[in-house]
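Trainee: Mind having a look at this structure? Questions to follow.
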Amino acid sequence: MKRIIHALRTRARNARSDGDRDVGVDRPASAAEALKDEGDTDAIRSDGGVAAETDPTGEYERRRLQRWRDSDFVQSAPFWLPPFLLMGFFVYAAIGWNFLISLTEYSGFGDVDYSTIGLHNYVELVGDAGFWAATRNTLVLLVAFTLACLVLGLSLAILLDRKIRFERTFRTIYLLPFALSFIVTAQFWMWMYNFDFGIVNGLFGLVGLGPYSWLGSPRLVLGSVIFALMWQFSGYTMVVYLAALRAIPGDQYEAARVDGANTLKLYWRVIIPQLKPATVSASVVLVLFALKAFDFLYAIWGFRPRRGADILATKMVREAFQRQEWAYGASIAIVLFIISLAIIAPYLYQQYTQGNL
Amino acid sequence: MARTTLEHITKVFTDDNANEIVAVDDVSIEIEDGEFLVLVGPSGCGKSTTLRMVAGLETITDGRIRLDDRVINDLPAQDRDIAMVFQSYALYPHMTVRGNMAFGLEESTDLPDEEIDALVTETAEMLGIEGMLDRTPDELSGGQQQRVALGRAIVRDPDVFLMDEPLSNLDAKLRSQMRMELQRLQEGLETTTIYVTHDQTEAMTMGDRIAVLNDGKLQQVGTPLECYHRPANLFVAGFIGEPSMNTIRGTIDNDEIVTDEFTYPISADLAAELEGVSDVTLGIRPEDLELSTEKPEDSRALSMIVDVVEPMGDENVVYLRFDSGDVGIDDDQLVLIATIDGISDIADTETVWVRIPEEAVHVFSTESGRAIRNRRLEGDAERVV
């Protein structure tokens, strides 16, 4: 059966390519005839790639080229190929090259020497206490920042979803910090946290506490950074949650009420579980931002953040561009890349199994 | 289980421009323990608002709602011991059927888990959904979701069931089946039920009593047959019954009712009842019109033309008019609707005699709409209604 269809298709294609030939006369009267006709030139092909040899005219080669040119793959290439090549070169090739550099001993001025390739940079990383401190800080920042943003954003969204007055205004106010650049946020919070004149110490002073060195003390600094980032990002989670809350029909609340649930139980058992997709997608964005929080820290301290606020991203830049240990910096970049991948892969896989990718 | 009393319930909404909209206006209904009361009325008549006030989902502007002897006006919804079935079912999409049904018991009672589980299973068996307990709502058909929504209410064994058009999302076949099942369930459970619908068929077939609402005001409370045969006013007369009652406006002139198209002689008996009224509306049910091809021996017969015959199988619905000329649909000339035997040879454009028997005639005051005289019922019918 397959062969009959194949034969018919080939005939149709021939007819199409030779437009001036009389199609009506040429077309076989039945599928069986088509099969017979096909047998003359093409039948052996099903045994493997010997058809070309037995085809004296080169007709088969021509047809195979034609078929290849007609395939969806080739036809659609103008659309996907340019971005595919650009992405492939600038993103994936760059990552590959970075990995290659991380295996060398490239440092200082001069060219990369690819002759001595090994894992020595990674071995060195394992023994580097600064690396472990940076990794720990990265993970703490990531978890605390993400959770804080989710909780605060959810609370704001729930409060805003109660059909309050000036709801749009509040929404804009909360979302505005998200529109600011990291550099601005950093400058802004540097002044807020200023030891002598900062508003934060001023407020604490009112209740007789402090002053604290928010950006100086190794015990406080990570918390201060997380708080500032939370200020910037909770507006984003709020908007995501608000959209998800709007999608939940009002009778869900009413049904739960009539079922005897108090407000806390209502949200905890009925509403928040329905926000799971929003939580997942907001978390992914937040986590990736947390991993890339470099610019915020760099804007405050430059190459060397306070002890206690050094994360992998800042350490990577410092190793590479200050100390010019290019290969060592590259290996930190690879570790960061693997952490990102480990976080985003389950999400992508889940999206894939749900048919969203 | 409890007697539910609505005393002078009023609900006023205030819109953004501070305009007041009276959704429910001074409604008083007493619902006996175990009774099935149907609140019926057209869209926007305030029936759902009334139900939601009983549920505690709307505040009560004025009046009182009592369950037995306790006033529940200020009790939040979660403390009222009421179960509600929503039009959209409002099943929790992230929970299994079991979770949906157990939720109310978990939140409103202190029952141990095993007992809750046993109750859920028992209720599910009663509704024939025991095989679906571990599925989520999006894996169920509309009819099955409907059953789960019912099960979620039944398993709670509440004082009162509230149902807000629970069958309106089902197809016609399933709806009539569920109508029957719901009645059987309610009779078995003997739980006081308030059921809201805009469908007069549901109201007629399901309710122990019907409360007809229009424009926020209670029109009549009575058994289905009472509302049908003894409508309190023109609105109830027109709303209950399918096809609707024919109504003809006229004025009383001695012993006749004069309408634009004909004069209708009335007996001395009836004339006495209509004493002191001048503008009246004559009402007659379609099945009470008597059609014949021969002129009957009665002055209460009119010669009319058959406009359209709608065969329903068991009966024919016949649309009758006076004028033989071609008329548009929007023509406001009088059209009478009659239902006659399914097998009859009356055809379009035929001229027939239509008798309006006086004992079947309702007379309403045109001005107030109030019924002045309802049809006479005799023998068994008199006793039943």
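Trainee: What nm value, rounded to one decimal, do you get for the distance between A:Phe303 and A:Ser217 when each label is placed 7 Å out toward the C-beta?
Mentor: My value for the distance between the label points is 3.0 nm.
Trainee: If you don't mind, another one. Modelled label-to-label distance, A:Ser115 and B:Ala18, 7 Å Cα→beta-carbon offset: nm?
Mentor: Output for this residue pair reads 9.1 nm.
Trainee: Shifting gears a bit: Which one of A:Ile272, A:Tyr174, A:Trp189 has its Cα pushed farthest toward the positive end of the charge dipole of the stretch A:158-282, where Lys and Arg give +1 and Asp and Glu give -1 at the Cβ?
Mentor: A:Ile272
Trainee: Hey, what did the stretch B:1-95 get for relative contact order, percent, Cα under 8 Å, at least 6 apart?
Mentor: 30
Trainee: Here is a further query. Round to a whole angstrom and tell me the spacing of the C-alpha centers of the stretch A:279-357 and the stretch A:69-93.
Mentor: Spelled out, the Cα-based centre of one part sits 28 Å from the other.
Trainee: Apply 1/(1 + (r/R0)^6) to the Cβ-Cβ distance of B:Val258 and B:Gln333, taking R0 = 25 Å, and write down the FRET efficiency to the nearest 0.05.
Mentor: Efficiency at R0 = 25 Å is approximately 0.90.
Trainee: Among B:157-170, A:138-151, what's the highest-first ranking by average C-beta atoms within 10 angstrom per residue?
Mentor: B:157-170, A:138-151
Trainee: While we're on this one: Principal axis extents for the stretch B:244-384, Cα atoms only, whole Å, descending order, please.
Mentor: Rounded to whole Å, the extents work out to 41, 38, 29 Å.
Trainee: What does DSSP give for the protein assembly as shown in terms of the percent of beta bridges that are antiparallel, rounded to the nearest 5?
Mentor: So the antiparallel bridges amount to about 75 percent of the total.
Trainee: Turning to a different aspect of this structure: Rounded to the nearest 20 debye, what is the charge dipole size of the stretch A:302-341 about its Cα centre when +1 sits on each Lys and Arg Cβ and -1 on each Asp and Glu Cβ?
Mentor: 220
Trainee: Residue by residue through the stretch B:281-297, what is 3J(HN,Hα) from phi via Karplus (6.51 cos²θ - 1.76 cosθ + 1.60, θ = phi - 60°)? Round to whole Hz and write x for glycine and proline.
Mentor: 10, 8, x, 8, 5, x, 6, 8, 6, 10, 9, 8, 8, 8, 5, x, 7
Trainee: Based on Cα positions only, what radius of gyration and what Dmax would you give for chain B, in angstroms?
Mentor: 24.8, 77
Trainee: About the Cα centre, and with charges only on the beta carbon of Lys, Arg (+1) and Asp, Glu (-1), how big is the dipole of the stretch A:129-353? Nearest 20 debye, please.
Mentor: 140
Trainee: Label-point separation (nm) for B:Thr61 and A:Phe90, each offset 7 Å from Cα along Cα-to-Cβ?
Mentor: Label at B:Thr61, label at A:Phe90, 6.3 nm between them.
Trainee: Set Lys and Arg Cβ to +1 and Asp and Glu Cβ to -1, take the dipole of the stretch A:216-274 about its Cα centre, and tell me which of A:Gly250, A:Met238, A:Phe227 lies farthest positive.
Mentor: A:Phe227
Trainee: From the backbone phi of the stretch B:47-52, what are the Karplus-calculated ³J(HN,Hα) couplings (6.51 cos²θ - 1.76 cosθ + 1.60, θ = phi - 60°) in whole Hz, Gly and Pro given as x?
Mentor: 5, 5, 4, 4, 4, 5
Trainee: Where the only charges are on Cβ atoms (+1 Lys, Arg; -1 Asp, Glu), what is the dipole of the stretch B:4-237 about its Cα centre, to the nearest 20 debye?
Mentor: 920
Trainee: Rounded to the nearest 5, what is the percent of antiparallel bridges among the DSSP beta bridges in the stretch B:4-237?
Mentor: Restricted to the stretch B:4-237, the bridges split so that about 55 percent are antiparallel.
Trainee: A follow-up question, please. Using a Förster radius of 30 Å, what is the FRET efficiency between B:Lys295 and B:Asp215 based on their Cβ-Cβ separation? Nearest 0.05, please.
Mentor: So, using R0 = 30 Å, E works out to roughly 0.10.
Trainee: Return, ordered by residue number, the residues of the stretch A:281-318 whose backbone nitrogen is under 15 Å from a label point located 7 Å along Cα→Cβ of A:Arg136.
Mentor: Once the point is set 7 Å along Cα→Cβ of A:Arg136, A:307-312 turn out to lie under 15 Å by backbone N, inside the stretch A:281-318.
Trainee: Now for a separate question. Place +1 on the Cβ of every Lys and Arg and -1 on the Cβ of every Asp and Glu in the protein assembly as shown, take the dipole about the Cα centre, and give the residue among B:Phe235, A:Gly127, A:Phe294 whose Cα lies farthest towards its positive end.
Mentor: Projecting each Cα onto the dipole axis, the largest value belongs to A:Gly127.
Trainee: Compute the label zone of B:Glu242 within the stretch B:198-212: residues whose backbone N is under 15 Å from the point 7 Å along Cα-to-Cβ.
Mentor: Output list for this probe position: B:198-207.
Trainee: Now for a separate question. Using a Förster distance of 56 angstrom, determine the FRET efficiency expected from the C-beta separation of A:Ile272 and B:Asp68, and round it to 0.05.
Mentor: Calculated transfer efficiency: 0.95.
Trainee: Using the alpha-carbon centroid of each, what span in Å lies between the stretch A:180-219 and the stretch B:6-59?
Mentor: After rounding, the separation between the Cα centres reads 56 Å.
Trainee: Let me ask you something else. Normalising by the residue count of chain B, find the relative contact order in percent from Cα pairs under 8 Å and 6+ residues apart.
Mentor: Relative contact order, chain B: 15 percent.
Trainee: Let me ask you something else. Enumerate the amide H contacts of B:Ser28 below 5 Å, restricted to partners 5 or more residues apart or on another chain; note that Pro and chain-start residues carry no placed amide H.
Mentor: B:His8, B:Ile9
Trainee: Something else about it: Treat the count of other C-beta atoms within 10 Å as a stand-in for reagent exposure and order B:Glu115, B:Glu275 from fewest to most.
Mentor: Neighbour counts put them in this order, fewest first: B:Glu275, B:Glu115.
Trainee: Another one. Which lysines, if any, have their Cα less than 26 Å from the Cα of A:Lys292, not counting same-chain residues under 8 positions apart?
Mentor: A:Lys276, A:Lys315
Trainee: Connecting C-alpha atoms closer than 10 Å in a GNM of chain B, tell me which of B:Thr339, B:Thr351, B:Thr109 has the biggest fluctuation.
Mentor: Its mean-square fluctuation being the largest, the pick is B:Thr109.
Trainee: Could you work out the mean count of beta carbons from other protein chains within 10 Å of each residue's beta carbon in B:83-92?
Mentor: 5
Trainee: So if I take the centroid of the Cα atoms in the stretch B:268-321 and the same for the stretch A:129-170, what is the distance between those two points in Å?
Mentor: Using only Cα atoms to place each centre, the spacing works out to 74 Å.
Trainee: Also, I was wondering about something else. Quick check on chain B: helices-only [θ] at 222 nm, where DSSP H runs of length 4 and up contribute -39,500 (n - 2.57) each and the sum goes over total residues. Nearest 500, please.
Mentor: Taken over chain B, the calculation gives -7500 deg cm²/dmol.
Trainee: Follow-up. Using Cα springs under 10 Å in a Gaussian network model of chain B, which residue among B:Leu37, B:Leu111, B:Leu302 shows the largest mean-square fluctuation?
Mentor: Checking each option, the largest mean-square fluctuation is seen for B:Leu111.
Trainee: Lysines within cross-link reach of B:Lys11: Cα-Cα under 25 Å, excluding same-chain residues under 8 positions apart?
Mentor: Filter leaves A:Lys163, B:Lys47, B:Lys217.
Trainee: How shielded is B:101-113 by partner chains, expressed as the average number of their Cβ atoms within 10 Å of its Cβ atoms?
Mentor: Mean number of neighbouring Cβ atoms from other chains: 3.
Taken together, the values in this text are just the output of simple stated rules run on the coordinates, not laboratory data. This one's a predicted model, so the numbers in the text were calculated from it and none came from an experiment. So basically every Cβ, Gly included, is an ideal-geometry build from the backbone, and we count neighbours across all protein chains shown.
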